[in-house]
Number of protein chains: 2
Amino acid sequence: MLNQHYNITSAMKDTKQCIIDEGTHLIQTRGYHAFSFQDISNKVGIKTASIHYHFPTKTDLAVAVVVSQKETTEKHLHNITSNGALTEREKIKLLCQSILATTYLSEEKMCLAGMLAIDILTLEPPVAQAVQNLIGSIEATLAKLISNGAKTNEFRRDIDAQSTATALMATIEGTLMLTRLFKDENRFTDAMDVIISRLL
Amino acid sequence: MLNQHYNITSAMKDTKQCIIDEGTHLIQTRGYHAFSFQDISNKVGIKTASIHYHFPTKTDLAVAVVVSQKETTEKHLHNITSNGALTEREKIKLLCQSILATTYLSEEKMCLAGMLAIDILTLEPPVAQAVQNLIGSIEATLAKLISNGAKTNEFRRDIDAQSTATALMATIEGTLMLTRLFKDENRFTDAMDVIISRLL
DNA sequence: TTCAACATACCTATTAGTAGGTATGTTGTA
DNA sequence: TACAACATACCTACTAATAGGTATGTTGAA
């Protein structure tokens with residue numbers, strides 16, 4: 001896992017990315033204030049002091065985690081939105097399924113943005129800004145999909161893309177939160193089915 | 001503030017309740033893992049060690065906070081549901097307004113249940129159970145209101161009380177989370193208007 | 001004189017972060 | 001092409017601060 005004295009091969013991610021990945025996982029499962037450098041140290045196999053070499057402060061790490069996630073998410077979103085074989089409604093449904101699969105169904109993780117959003121009052125401004133950017137990006141994609149569907153009369157006539165996207169985003173976060181609380185994935189599926197069928 | 005050497009008057013809540021109230025406030029603003037006994041000590045004017053006299057562990061305090069909140073909330077919910085002058089739809093809207101007023105509009109607080117629900121993987125079972133009970137209670141009230149409205153044909157014909165209540169609960173939590181993130185109360189109002197008008 | 005409700009004084013564990021050192025890799029220049 | 005100078009990526013050892021928690025002492029009121 002360590003790069004010290006070794007060449008980096010294709011099968012070996014560099015340490016910095018390992019730290020980001022493990023940080024992402026820890027934030028999604030335990031939250032910002034419930035994970036420590038020691039947790040990362042144990043998983044990555046690097047001393048806590050060495051983590052500071054890559055990320056001087058915990059805030060720096062958190063920012064890197066969110067920025068990295070934004071890139072990954074945008075690629076993923078693009079894969080869905082650019083699929084010409086799907087209707088806009090199908091794209092939105094697929095997006096929801098995809099979120100469930102990468103969060104609760106993957107070690108009961110929460111959405112990264114949501115997990116950090118809840119700590120907004122205790123996060124330093126750079127992290128808060130990064131989280132806003134991440135949520136903003138996902139919401140913009142949703143609004144675009146709804147807007148597209150509206151043009152082709154795929155959705156209800158009087159739909160408002162922006163407020164509907166906002167409501168959809170909120171329901172995704174909230175339902176994920178309650179799915180984790182009750183450990184019942186049907187909560188997510190049922191709630192999203194109701195919302196999508198009524199809102200769109 | 002302290003009761004030591006003083007009689008408890010009507011204007012003076014007892015220390016135990018003061019600790020619970022301050023704990024409630026701290027959890028709603030900072031979250032479980034970002035508040036300490038020292039924070040409570042500073043606000044209540046009691047030494048941290050003395051808090052342990054009333055609540056042996058942090059878990060005990062958290063449970064007391066949630067149980068206390070459940071009682072308060074249920075009284076509040078009853079005041080709304082038992083108001084004969086309101087339609088079921090009006091009751092639900094009032095309930096949403098009331099939640100916004102007591103959370104984001106009050107020092108940017110989050111819903112207590114939501115704030116703890118997010119930490120489900122790091123909370124001890126008694127706390128998790130208490131949070132489930134609290135959310136369950138609110139959700140049951142919502143389901144009852146929807147069920148009542150359905151009987152009087154106040155809502156859409158094909159409405160399902162339980163799944164609609166679940167979706168509504170999720171949207172309330174999620175929209176509150178994003179309202180705090182972006183510090184924009186219109187997010188709550190807009191999203192809830194869309195949801196209520198489409199779902200009910 | 002008992003005892004509830006505190007305070008004092010501590011403990012152990014953990015936190016993020018720092019200081020200084022070391023082995024290896026890279027690079028510009030003579 | 002040799003090598004000094006520097007960069008990279010770690011290490012050990014440490015710090016100050018904070019966390020939740022405990023054992024024991026004090027005090028005023030019933």
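Where a number appears in this text, it was derived from the coordinates with a stated rule and is not lab data. Everything numeric in this text was worked out from a predicted model, so none of it was measured. As a convention, Cβ positions derive from the backbone with ideal geometry for all residues, glycine included, and neighbour counts pool all protein chains shown.
Give me the residue from region A:34-49 that is over 30 Å from A:M177 (Cα atoms) and surrounded by fewer than 17 Cβ atoms within 10 Å (Cβ to Cβ) and, out of that set, nearest to the other protein chains (Cβ to nearest Cβ).
Here is the first cut: in region A:34-49, the residues over 30 Å from A:M177 (Cα atoms) are A:45-49.
Among the residues that remain, those that are also surrounded by fewer than 17 Cβ atoms within 10 Å (Cβ to Cβ) are: A:45, A:47-49.
Details: A:G45: 23, A:K47: 24, A:T48: 19, A:A49: 23 Å.
Taking the candidates together, the pick is A:T48.
Based on this model, can you work out whether A:T171 counts as under 23 Å from B:L121 (Cα atoms) and touching a Ser or Thr at 6+ places or on another chain (Cβ under 6 Å)? Steps first, answer last, please.
Working: under 23 Å from B:L121 (Cα atoms): yes; touching a Ser or Thr at 6+ places or on another chain (Cβ under 6 Å): yes.
It is true that A:T171 is under 23 Å from B:L121 (Cα atoms) and touching a Ser or Thr at 6+ places or on another chain (Cβ under 6 Å).
Which condition number does B:Q97 fail, the rest of (1) within 14 Å of chain A (Cβ to nearest Cβ); (2) surrounded by fewer than 16 Cβ atoms within 10 Å (Cβ to Cβ); (3) not hydroxyl-bearing (S, T, Y) being met?
Every listed condition holds for B:Q97 apart from (1).
Could you count how many residues in region B:148-177 are within 20 Å of A:I159 (Cβ to Cβ), in a helix (DSSP H, G or I) and either of a type in the set (K, R) or without any contact (Cβ under 8 Å) to a residue 24 or more places away in the chain (or both)?
So the answer is 2.
Does A:G31 fit the bill of being within 14 Å of chain B (Cβ to nearest Cβ) and either of a type outside the set (K, R) or more than 14 Å from the chain's Cα centre (by Cα) (or both)? Spell out the reasoning first.
Details: within 14 Å of chain B (Cβ to nearest Cβ): yes; either of a type outside the set (K, R) or more than 14 Å from the chain's Cα centre (by Cα) (or both): yes.
Answer is yes for this residue.
List every residue pair whose Cβ atoms sit under 7 Å apart, with the two residues 6 or more apart in sequence or on different chains, where the first one lies in region B:118-139 and is more than 7 Å from chain A (Cβ to nearest Cβ) and the second, anywhere, is of a type in the set (G, A, S).
Listed pairs, sorted by first residue: B:V127/B:A62; B:L134/B:A113; B:E139/B:A165.
Give B:T57, B:T87 a once-over and let me know the one that is within 16 Å of DNA strand D (Cβ to nearest atom), surrounded by fewer than 16 Cβ atoms within 10 Å (Cβ to Cβ) and farther than 19 Å from B:A113 by Cβ. Show your work before the answer.
Working: B:T87 fails: within 16 Å of DNA strand D (Cβ to nearest atom).
Result of the check over B:T57, B:T87: B:T57.
What residue, among those in region A:60-84 that are loosely packed, with under 15 Cβ neighbours inside 10 Å and among the hydroxyl-bearing types (S, T, Y), is farthest from A:C111 (Cα to Cα)?
This residue is A:S82.
Within region B:100-118, track down each residue that is of a type in the set (S, T, Y) and surrounded by 19 or more Cβ atoms within 10 Å (Cβ to Cβ). Walk me through how you get there before you give the answer.
Going residue by residue through region B:100-118, those that are of a type in the set (S, T, Y) are B:102-104, B:106.
Hits for region B:100-118 are B:T103, B:Y104.
Inside region B:164-181, can you point out the residues that are farther than 17 Å from B:L116 by Cα and β-branched (V, I, T)?
Scanning region B:164-181 gives B:T164, B:T166, B:T179.
List, please: which pairs have Cβ atoms under 7 Å, are six or more places apart or on different chains, and start with a residue in region A:102-115 that is in contact (Cβ under 8 Å) with a residue 12 or more places away in the chain and within 11 Å of chain B (Cβ to nearest Cβ) and end with one that is in a loop (DSSP other than H, G, I, E, B) and buried (at least 22 other Cβ atoms within 10 Å of the Cβ)?
Pairs that qualify, where the first residue is in contact (Cβ under 8 Å) with a residue 12 or more places away in the chain and within 11 Å of chain B (Cβ to nearest Cβ) and the partner is in a loop (DSSP other than H, G, I, E, B) and buried (at least 22 other Cβ atoms within 10 Å of the Cβ), are A:K109/A:T103; A:M110/A:T103; A:M110/B:I118; A:C111/A:T103; A:M115/A:G31; A:M115/B:I118.
What is the residue count in region B:14-58 for residues that are within 24 Å of A:L123 (Cα to Cα) and of a type outside the set (D, E, K, R)?
Within region B:14-58, the first condition is being within 24 Å of A:L123 (Cα to Cα), and the residues that meet it are B:21-43, B:58.
Checking which are of a type outside the set (D, E, K, R) leaves us with B:23-29, B:31-38, B:40-42.
Residues that pass the stated criteria total 18.
State all residues of region A:140-158 that are within 12 Å of chain B (Cβ to nearest Cβ) and touching a Leu at 6+ places or on another chain (Cβ under 8 Å); if no residue qualifies, say none.
Keep residues of region A:140-158 that are within 12 Å of chain B (Cβ to nearest Cβ), which gives A:146, A:155-156, A:158.
Within region A:140-158, A:I146, A:F155, A:R156 qualify.
Of all residues in region B:173-200, which are facing another protein chain (nearest Cβ under 7 Å), within 15 Å of B:I92 (Cβ to Cβ) and either of a type in the set (A, V, I, L, M, F, W, C) or crowded, with 19+ Cβ neighbours inside 10 Å (or both)? Spell out the reasoning first.
First pass over region B:173-200, keeping only residues facing another protein chain (nearest Cβ under 7 Å): B:173-175, B:177-178, B:180-182, B:187, B:190-191, B:194-195, B:198-199.
Restricting the remaining residues to those that are within 15 Å of B:I92 (Cβ to Cβ) gives B:175, B:191, B:194-195, B:198-199.
Scanning region B:173-200 gives B:T175, B:A191, B:V194, B:I195, B:L199.
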